[in-house]
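What follows is a short report on a single structure.
The values are calculated or read from the model by the stated rules, or taken from the named source; none is laboratory data. Only a predicted model underlies this, so the values are computations on that prediction, with no experimental measurement involved. Please note: Cβ atoms are built from the backbone with ideal geometry, for glycine as well, and neighbour counts cover all protein chains shown.
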Amino acid sequence: MIETKNLKRSFIDGEVETPVLKGVDLKIETGEFVAIMGRSGAGKSTLMYQMSLLDEPSSGEIIIDGQNTHLMSPVQKTKFRLEKLGYVFQDYALIPELTAVENVVLPLLMNGVNKKETYKIAGESLVKVGLEKHLHQLPSQLSGGEQQRASIARAIAHQPNILFADEPTANLDNESSRTIMKIFTDLHRDGQTIIMVTHEEEYGRLAEKIVRIDDGRIIGIEKD
Amino acid sequence: MLNYRIGLFLAKRQIRRSSLWTNVLIISVMVLTFLNLVVVSGILVGLIQGAVDAVRLHYTSDIIISVPNNKTYIENSPAVIAVLNQEPRIQSFSARYLSGGTIEANYKEQRKDTDKANTASAGVAGIDPQAEDRVTGLSKFIVEGDYLAPGDYDQVLIGAYLTKKYLPIDSPGFAALDNIAPGTKIRLTLGNIQREVTIKGIIKSKVDEINMRVFMTDAQLRSLTGRSDYNVNEIAIRLKPGVDPNTVRDALIGQGISRVAKVQTYADAEPKFIKDMIDTFALLGNLISSIGLVVASITIFIVIFINAITRRKFIGILKGIGISGEAIEISYIFQSFFYALTGSIIGIITVYAVLEPLITAHPINFPFSDGILVAPLLSTLMRMSLLIIATIFAGYIPARMIVRKNTLDSILGRN
C-alpha cells in the first residue's frame with residue numbers, strides 16, 4: 001500500500017517559487033492498477049516522482065508498506081527503490097552498453113542475487129514480455145516497442161511491490177502501445193500493484209482506478 | 001564487495017562496447033604520457049650516462065690503476081703487471097706512459113717576431129697500440145689517417161681537440177694546431193727534449209681525455225723520456241664479461257698494489273661533478289615528467305568528465321533503478337585503471353622491447369656523448385604506479401561530481 005499525506009512540491013528559481021503539487025492526499029492499495037491522468041503541466045509526473053522516491057517532496061509524507069519514506073537517508077531510499085520499486089520510463093531508459101538481458105540482470109546483481117540465478121531470472125522476465133529472441137541484443141538493435149518491453153522486464157524481474165510507469169506508451173506506435181498495455185493488464189491480473197502516468201484516455205481506462213489531477217491537486221478519482 | 005562487482009560489470013561493458021577510436025585515443029594518450037614519464041628523464045640521464053659509459057669503455061675501462069698523488073709514476077710497475085697477468089678475471093689491460101708536453105705545427109714557415117707560434121699543450125701517452133686497442137678500442141676513433149702499429153717510429157696520433165679543424169670552440173685560451181693532417185710533421189717537446197714527429201692519424205672520441213692527448217708507441221715515449229725502468233703511469237684493465245669490478249679491485253688491493261698505486265673501479269674514478277650532473281638531470285627529468293603527469297591527469301579528467309556528463313542521464317537511471325552511487329563511481333575507477341594499465345603495459349613494451357634496444361644499438365649522437373636510454377625497471381614500475389594512481393583520481397573526481405547530482409535532475413536532464 002502507498003499513501004501520500006498533504007504532499008507538496010515546489011520548484012524555486014531564484015526568488016520565484018512555483019508550486020507544482022499543492023497538497024495531495026492519495027491512498028493506493030496493494031494490487032491496484034492506478035492511472036494518474038491530467039493535462040500537460042498538471043503535476044501528474046511530479047506526483048509519480050515523489051511517490052517513487054525519485055524526488056524529494058517539499059513537505060508532506062509518503063508511506064509505502066507502512067514505512068515513512070520521509071525518514072529515510074538517500075542511501076536507504078536507493079536501497080528501497082532497488083528492493084521494492086520498479087520503474088518504466090517514457091523513453092525506455094535502457095543502458096546503451098548493456099544487452100537486453102544485461103539491463104535486466106543489473107538490478108538483480110545489485111540485489112545480491114548470484115550471477116547464474118540473475119541470468120535465469122532475467123531470461124524468464126524477458127520471455128514474459130515476449131523478448132526471448134532478443135536477449136543478447138543491444139538497445140540500439142531493438143525497436144521502440146521492444147526496448148519498452150525490455151524496460152518492463154527490468155522493472156518486474158525482482159518482483160517489486162509497486163511498478164511505476166511514466167507515460168510508457170508516449171513514444172510508441174499504436175500496435176506497440178497495445179502490446180505494452182496488454183503486459184500491464186496481465187501483470188495486474190497476477191497481482192502486481194501498478195501506478196501509471198498517462199495522458200491517453202484509451203490506456204488510462206485499462207486501469208481499475210483513474211486519479212485525475214489538475215493544477216497540483218487531485219480533482220477526482222474514478223473507479224472501474 | 002557488491003559495489004565492486006557491479007562497478008566491474010558496468011566498466012567491462014562500457015569499455016568493450018564504447019567506440020574503438022575513443023578507446024584507441026585514450027590509450028594513446030596514456031602511452032604517450034607513460035613514454036613522457038619514462039623516456040624523457042631516461043634520455044636526460046642517458047645523455048650523461050652515455051658520457052660515463054664512453055669513459056669506461058674507451059678510457060678507464062673497468063678498473064684503472066693510476067699514479068698516487070705524491071708520485072710521478074707507478075713504482076715497480078713490472079711487478080704490478082705481473083700480478084695482473086696472474087689474475088684470471090682480467091681479459092686484457094693496457095699500460096700507459098704519460099707525460100706532459102707541447103706540440104708545434106707550421107714551425108718551418110717564416111713568421112714575424114710578433115706572430116704567435118702555432119703550439120698547443122698536450123698530454124702525451126705512450127701505449128702498446130695492440131693492447132690499448134684490445135682494452136679501449138682506440139683504433140675505432142681514427143677519423144683521419146691510420147692507427148699506430150707496434151713498430152712505428154716517430155709517428156703519433158693526435159687528439160681531435162688539439163686540431164683547430166675539430167675543436168668545437170674558438171677561444172684564444174684554447175690553443176690548437178692549425179693546418180695539420182695525417183702526414184704533417186709537428187714538433188713535440190717533452191721537458192727539454194724536442195723531436196720532430198709525423199702525424200699518422202687523428203683521433204676523435206666523445207671522451208675529452210682522448211681528444212686532448214697525443215699517442216705514440218710506448219717504446220718511443222720511453223726513449224724520448226729516457227725511462228728505462230718500465231714504470232708506467234696508468235693501467236686500464238678490461239675484465240671478463242660478468243665479472244664484478246669491485247671484487248677484482250679488492251683482490252688487487254689485497255695483493256698489495258695499493259701500496260704503489262691507486263686502484264679504482266670506473267665508478268670510483270668518476271669525478272663527483274659527473275655524479276652531480278646525473279642527479280641534476282634525473283631531477284630535471286622528474287620535473288618534466290611531473291608536468292607530463294599533470295597533463296595526463298587533466299586529459300583523463302576531461303575525457304571521463306565528458307564521458308560522465310554525456311552519460312549523466314544513464315547515471316541518473318542507474319541510480320533510479322537502485323544502483324548505488326558508489327558502484328557507478330567504481331565503474332569509472334575501473335575504466336580509468338584499465339586505460340592507465342593498458343597504456344602503461346604498451347609503454348613498457350615500447351620502452352624495453354623497442355626503444356631501449358634500439359637506442360643502445362644506435363645511441364643518440366649528442367655533441368658530447370652517445371646518449372642512451374636509462375630506464376631501470378624499478379623506477380619505471382614506480383612511474384607506472386604514479387601514472388595509474390593519478391589516472392584513477394583523475395577519473396574518480398569527475399565521476400563523483402556527476403554521480404552526486406540529483407537523480408531525477410540527471411534522468412530528466414535538468415540542471
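Could you count how many residues in the range A:29-44 are surrounded by 19 or more Cβ atoms within 10 Å (Cβ to Cβ) and not acidic (Asp, Glu)?
9
I'd like the residue in the range B:314-352 that is closer than 19 Å to residue B:303 by Cα and of a type in the set (Ser, Thr, Tyr) and, out of all such residues, is farthest from the other protein chains (Cβ to nearest Cβ).
So the residue we want is B:344.
Looking at (1) buried (at least 23 other Cβ atoms within 10 Å of the Cβ); (2) within 17 Å of residue B:30 (Cβ to Cβ), find the lone condition where residue B:331 falls short.
Every listed condition holds for residue B:331 apart from (2).
Which residue, of B:94, B:77, is closer than 24 Å to residue B:230 by Cα, among the small types (Gly, Ala, Ser), at pLDDT 90 or above and within 32 Å of the chain's Cα centre (by Cα)?
B:94
Read through the list (1) of a type in the set (Phe, Trp, Tyr); (2) touching a Ser or Thr at 6+ places or on another chain (Cβ under 9 Å); (3) not in a strand (DSSP E or B), then give the number of the only condition that residue A:11 fails.
That leaves (3) as the condition not met.
Can you tell me which residue is surrounded by the most Cβ atoms within 10 Å (Cβ to Cβ) among those in the range B:263-288 that are closer than 19 Å to residue B:136 by Cβ and not β-branched (Val, Ile, Thr)?
This residue is B:266.
Considering every residue within the range B:338-347, establish whether at least one is among the β-branched types (Val, Ile, Thr), free of Cβ contacts under 8 Å to residues at least 40 places away in the same chain and not in a helix (DSSP H, G or I).
The answer is no; no qualifying residue exists.
From the set of residues in the range B:228-242 that are more than 21 Å from the chain's Cα centre (by Cα) and not in a strand (DSSP E or B), which is nearest to residue B:85 (Cα to Cα)?
B:240
Would you mind telling me which numbered condition in (1) modelled with pLDDT under 90; (2) assigned to a strand (DSSP E or B) residue B:166 fails?
(2)
If we only count helices (runs of 4 or more DSSP H) wholly inside the range A:111-213, which ones have 3 or more residues that are away from chain B (no Cβ under 14 Å), closer than 30 Å to residue A:25 by Cβ and modelled with pLDDT of 85 or more?
A:174-189, A:201-204
Listed residues B:303, B:374; which is buried (at least 19 other Cβ atoms within 10 Å of the Cβ), within 23 Å of the chain's Cα centre (by Cα) and more than 14 Å from chain A (Cβ to nearest Cβ)?
Residue meeting the stated conditions: B:374.
Between residues in the range B:69-92 that are under 13 Å from residue B:259 (Cα atoms) and among the hydroxyl-bearing types (Ser, Thr, Tyr) and residues that are assigned to a strand (DSSP E or B) and modelled with pLDDT of 90 or more, which pairs lie under 9 Å by C-beta distance while being six or more apart or on different chains?
Every condition considered, the pairs that remain are B:73/B:97; B:73/B:98; B:77/B:95; B:77/B:235.
Do you know which of the residues in the range A:41-97 that are of a type in the set (Val, Ile, Thr) and assigned to a helix (DSSP H, G or I) is nearest to the other protein chains (Cβ to nearest Cβ)?
Going through the qualifying residues, I end up with A:78.
For the structure I just gave you, tell me whether residue B:369 is within 14 Å of chain A (Cβ to nearest Cβ) and not charged (D, E, K, R).
no
Touching a residue at least 60 places away in the same chain (Cβ under 8 Å) and either more than 30 Å from residue B:59 (Cβ to Cβ) or surrounded by 21 or more Cβ atoms within 10 Å (Cβ to Cβ) (or both): is that true of residue B:364 in this structure?
Answer is no for this residue.
Tell me yes or no: at least one residue of the range B:314-334 is among the hydroxyl-bearing types (Ser, Thr, Tyr), farther than 30 Å from residue A:80 by Cα and part of a helix (DSSP H, G or I).
Within the range B:314-334, none of the residues are among the hydroxyl-bearing types (Ser, Thr, Tyr), farther than 30 Å from residue A:80 by Cα and part of a helix (DSSP H, G or I).
Select from the range A:53-93 the residues that are of a type in the set (A, V, I, L, M, F, W, C) and surrounded by fewer than 17 Cβ atoms within 10 Å (Cβ to Cβ) and write down the one among them that is nearest to residue A:198 (Cα to Cα).
Looking at residues that are of a type in the set (A, V, I, L, M, F, W, C) and surrounded by fewer than 17 Cβ atoms within 10 Å (Cβ to Cβ), I get A:63.
Can you tell me which condition residue B:109 does not meet? The list is (1) over 21 Å from residue B:370 (Cα atoms); (2) touching a residue at least 12 places away in the same chain (Cβ under 8 Å), and all the others hold.
It is condition (2) that residue B:109 fails.
Going through B:78, B:129, B:68 one at a time, which residue ends up being touching a Phe, Trp or Tyr at 6+ places or on another chain (Cβ under 6 Å), assigned by TED's automatic domain parsing to the domain that holds residue B:208, of a type outside the set (D, E, K, R) and surrounded by fewer than 23 Cβ atoms within 10 Å (Cβ to Cβ)?
B:78
Within the range A:127-160, restricting attention to residues that are within 11 Å of the chain's Cα centre (by Cα) and either among the polar types (S, T, N, Q) or under 22 Å from residue A:46 (Cβ atoms) (or both), which residue is surrounded by the fewest Cβ atoms within 10 Å (Cβ to Cβ)?
Only one residue tops the list, namely A:160.
Restricting the search to the range A:171-184, which residues are touching a residue at least 24 places away in the same chain (Cβ under 8 Å) and loosely packed, with under 15 Cβ neighbours inside 10 Å?
A:173, A:175, listed by residue number.
Give the residue, chosen from B:28, B:41, that is surrounded by 15 or more Cβ atoms within 10 Å (Cβ to Cβ) and either away from chain A (no Cβ under 11 Å) or outside any helix (DSSP H, G or I) (or both).
B:41
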